[in-house]
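Quick notes on the structure that follows.
The values are calculated or read from the model by the stated rules, or taken from the named source; none is laboratory data. The shown structure was predicted, so the numbers you read here are calculated from the model rather than taken from an experiment. All Cβ positions, even for glycine, are placed from backbone atoms using ideal geometry, and neighbour counts span all protein chains on display.
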């Protein structure tokens, strides 16, 4: 672990060029490795997430069988992914009971914690999105991908996963601190995820229709911009959340 | 005088509301029947709104591709008129405009076959025969909108006031994080609560108006989605506050959520619609007339801007009252 330092009280202190220096990559790497180690130790977490997705897709399969139009196919996929994201990311700060939080608090900068958690959540969501897509294609058929530009579509899926992670990480932290887990997270998160969801659904629909990169790149740019803004906000606000 | 802005707000609100409700619409032709004609003799019934057709001095004509044909106008009363004329053969455009004196109904009549143009006769409008002396200050009279154009001075300022109050709320949230003060937190929640009242008012006035103009209380429109998300975000903010017991922790969590949500809300309301290139059904969007073409001589603006300022000042006044009331409530509870 990195050297213990006094916890940050005023995140804005320091001159402008010190912003980059305040991103402590060594700490972040340590924290990400800690997350990986913890998840490897508790494999049931990942199994639970996967089972959730498989069950959701199977319910959809039973409900609609096959023969969905492209628009409905696309919408259904993103709705499944949205709920999977809420389910997967809600547990992201659940582990932090009093003792562990205090321990981390004395060791590292809170901003490293949120960045590490956001990064790990983004990786989780990308893996989960791609696995969901595989299960979805297997059960609901891939005839809607006939005209699709697969590169664009996969890129939209990956960007969507990263986007969910970046918006919901801070929300999950707030919900966990309020001591009211996944119920509160859904209430707080749904309205905030909507801008991203609209953009990413539109982008993936365009990818399914196989449009040119010049058309779709505006949406990709918008999603990346949204991700950057939410991550920056989380980076600024999280230290206040941690202070008690 | 310390509270001058309250008097200013009430004055502006009274002026804007009375003017918005009392100003008549400008005269216009609102209905023509039948809506399609063929060459040959035809009788066209014209319905005016706020018009003053006068027997013996009214001129009626058809206009197709810039060429006019006169008819004889038989005035029934101030708003009803029967135009008898010979529809010429060989019209260049499918759509023909009906004109009565200075008033025009563009594309009122449809004709099936096309020709190479018609002989033009010299006729109307010669002089302005509509009496505008009593109705000098009027609102534009546009199809679909008609009298509902008055809602501009109520519905839209309510949203402006709401955004303003949510802005106050977020500023106090930022100050809460800086100062850890429960006073700032109280101000923040008071502003959000009053803002939600304006959100509800905006939704109700909008829904009634939408029923009249679009035929449905709710449609899948960008602005409506934005309104729904705004309402959900601030209701969630209140739920979050309700689920934390410790006052200082509540202040901090709610402040963080408020700032995060407000930034995303601004993105959702002002950036995503442009990126998505989705047009709204609202006047002023997606080819629907707005200030720039409905209101050529700024008559709407003269009422609209005072209304915006008036509603915002009323909102701020309500916020200060609410803030003081909840402060007293807290002291009584203790």
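Taking residue B:309, is it modelled with pLDDT under 90, surrounded by 15 or more Cβ atoms within 10 Å (Cβ to Cβ) and in the same structural domain as residue B:212 (by TED's automatic domain parsing)? Steps first, please.
Numbers: modelled with pLDDT under 90: no; surrounded by 15 or more Cβ atoms within 10 Å (Cβ to Cβ): yes; in the same structural domain as residue B:212 (by TED's automatic domain parsing): yes.
For residue B:309, the condition - modelled with pLDDT under 90, surrounded by 15 or more Cβ atoms within 10 Å (Cβ to Cβ) and in the same structural domain as residue B:212 (by TED's automatic domain parsing) - is not met.
For region A:125-135, the set of residues classified as surrounded by fewer than 23 Cβ atoms within 10 Å (Cβ to Cβ) and touching a helix residue (DSSP H, G or I) at 6+ places or on another chain (Cβ under 7 Å) consists of A:126, A:130, A:131, A:133, A:135, listed by residue number. For region B:65-72, check the following and say yes or no: at least one residue is more than 19 Å from residue B:34 (Cα to Cα), touching a residue at least 60 places away in the same chain (Cβ under 8 Å) and crowded, with 16+ Cβ neighbours inside 10 Å. Checking region B:65-72: not a single residue is more than 19 Å from residue B:34 (Cα to Cα), touching a residue at least 60 places away in the same chain (Cβ under 8 Å) and crowded, with 16+ Cβ neighbours inside 10 Å.
Report, by residue number, each residue of region B:198-216 that is without any contact (Cβ under 8 Å) to a residue 60 or more places away in the chain and within 21 Å of residue B:169 (Cβ to Cβ).
So in region B:198-216, the residues without any contact (Cβ under 8 Å) to a residue 60 or more places away in the chain come out as B:199-208, B:210-211, B:215-216.
Passing the criteria: B:199, B:200, B:201, B:202, B:203.
Considering region A:226-244 alone, what residues qualify as being assigned to a helix (DSSP H, G or I), facing another protein chain (nearest Cβ under 8 Å) and surrounded by fewer than 21 Cβ atoms within 10 Å (Cβ to Cβ)? Selection gives A:229, A:233, A:240. Just one residue in the set A:119, A:153 is more than 17 Å from residue A:77 (Cα to Cα), in a helix (DSSP H, G or I) and away from chain B (no Cβ under 14 Å); that residue is A:119. Scanning region B:1-33 for residues that are exposed (fewer than 13 other Cβ atoms within 10 Å of the Cβ) and in contact with a strand residue (DSSP E or B) (Cβ under 7 Å, 6 or more places away or on another chain) yields a single hit, B:33. Could you tell me whether region A:17-29 includes any residue that is more than 18 Å from the chain's Cα centre (by Cα), exposed (fewer than 14 other Cβ atoms within 10 Å of the Cβ) and modelled with pLDDT of 80 or more? For region A:17-29, residues more than 18 Å from the chain's Cα centre (by Cα), exposed (fewer than 14 other Cβ atoms within 10 Å of the Cβ) and modelled with pLDDT of 80 or more: present.
Only one of these is at pLDDT 85 or above, in contact with a helix residue (DSSP H, G or I) (Cβ under 8 Å, 6 or more places away or on another chain), on the phi < 0 side of the Ramachandran plot and part of a strand (DSSP E or B): B:44, B:30. Name it. First the steps, then the outcome.
Numbers: B:44 fails: in contact with a helix residue (DSSP H, G or I) (Cβ under 8 Å, 6 or more places away or on another chain).
Result of the check over B:44, B:30: B:30.
Return yes when residue B:267 is modelled with pLDDT of 75 or more and either touching a strand residue (DSSP E or B) at 6+ places or on another chain (Cβ under 6 Å) or at the interface with chain A (Cβ under 9 Å from one of its Cβ atoms) (or both) and no when it is not. Considered against the rule, which asks whether it is modelled with pLDDT of 75 or more and either touching a strand residue (DSSP E or B) at 6+ places or on another chain (Cβ under 6 Å) or at the interface with chain A (Cβ under 9 Å from one of its Cβ atoms) (or both), residue B:267 comes out as yes.
For region A:161-200, how many residues are more than 30 Å from residue A:243 (Cα to Cα) and either facing another protein chain (nearest Cβ under 10 Å) or not in a helix (DSSP H, G or I) (or both)? So that I can check it myself, show each step before the final result.
Applying the first criterion (more than 30 Å from residue A:243 (Cα to Cα)) to region A:161-200 yields A:197-200.
Retained after the next criterion (residues that are either facing another protein chain (nearest Cβ under 10 Å) or not in a helix (DSSP H, G or I) (or both)): A:198-199.
Qualifying residue count for the region: 2.
The rows are residues; the columns are (1) surrounded by 13 or more Cβ atoms within 10 Å (Cβ to Cβ); (2) touching a helix residue (DSSP H, G or I) at 6+ places or on another chain (Cβ under 8 Å); (3) closer than 17 Å to residue B:141 by Cβ.
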{"site": "B:48", "(1), (2), (3)": "yes, no, yes"}
{"site": "B:51", "(1), (2), (3)": "yes, no, yes"}
{"site": "B:56", "(1), (2), (3)": "no, no, no"}
{"site": "B:60", "(1), (2), (3)": "yes, no, no"}
{"site": "B:81", "(1), (2), (3)": "yes, no, yes"}
{"site": "B:84", "(1), (2), (3)": "yes, no, no"}
{"site": "B:96", "(1), (2), (3)": "yes, no, no"}
{"site": "B:100", "(1), (2), (3)": "yes, no, yes"}
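How many residues are in contact (Cβ under 8 Å) with a residue 60 or more places away in the chain and more than 10 Å from chain B (Cβ to nearest Cβ) when one looks only at region A:203-225? Residues in region A:203-225 being in contact (Cβ under 8 Å) with a residue 60 or more places away in the chain and more than 10 Å from chain B (Cβ to nearest Cβ): 10 in total. Exactly one residue among B:231, B:242, B:195 is more than 9 Å from every other protein chain (Cβ to nearest Cβ) and free of Cβ contacts under 8 Å to residues at least 60 places away in the same chain, and that residue is B:242. Only residues that are within 30 Å of residue A:236 (Cβ to Cβ) and over 20 Å from the mean Cα position of the chain (by Cα) were counted across region A:55-110, and they come to 13. Scanning region B:164-187 for residues that are more than 14 Å from every other protein chain (Cβ to nearest Cβ) and crowded, with 19+ Cβ neighbours inside 10 Å turns up B:164, B:165, B:168, B:169, B:172, B:186, B:187. For region A:21-46, the set of residues classified as without any contact (Cβ under 8 Å) to a residue 12 or more places away in the chain and not in a helix (DSSP H, G or I) consists of A:42 only. What do you reckon, is residue B:190 touching a helix residue (DSSP H, G or I) at 6+ places or on another chain (Cβ under 8 Å) and within 14 Å of another protein chain (Cβ to nearest Cβ)? So residue B:190 does not fit the description; no.
Taking helices (runs of 4 or more DSSP H) as the structural unit, those lying wholly within region B:198-285 and holding at least 3 residues that are surrounded by fewer than 17 Cβ atoms within 10 Å (Cβ to Cβ) correspond to B:222-242, B:247-266.
Once region B:245-261 is narrowed to residues that are within 7 Å of chain A (Cβ to nearest Cβ) and under 11 Å from residue A:188 (Cβ atoms), the residue that is nearest to the chain's Cα centre (by Cα) is B:261.
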